[in-house]
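Presented below is the structure to which this report refers.
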Amino acid sequence: MYDVIYIDSQGAETPLAQELENRQDAAQLAREAAAERRAGRMVLPGRIKPQNCVCVVPTDPPVNT
C-alpha cells in the first residue's frame, strides 16, 4: 500500500491519497499533483521530509496478531 503526500516549503504534509494498492497508480497521481504544484516528486523508503515535493510513501504492512 502507498500514501501520496505533498510536503510544502515549510515541511508541512498534506495527504493527497491514502492506502493505494497499486504503486503505478500512486506514481501517476504524484506526477499529476507535482505538475499542478510545480513541485518535485519522489518515492520515499520512509517518512523523511524533503521540501516542496509530492511523495509516494510505502505504508507499513498490517500487523497480524
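The values are calculated or read from the model by the stated rules, or taken from the named source; none is laboratory data. Computed from a prediction, not measured in an experiment: that's the story for all the values here. We work out accessible area using only protein heavy atoms, side chains counted, and drop any ligands, DNA or RNA first. Shrake-Rupley method; radii C 1.70, N 1.55, O 1.52, S 1.80 Å.
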From the protein chains alone at 1.4 Å, what is the descending order of accessible area for 3, 25, 8, largest first? 25, 8, 3
At 0.36 nm per residue, and after removing the present C-alpha to C-alpha distance, how many nm does the segment from residue 49 to residue 17 gain when stretched out fully? 9.8 nm
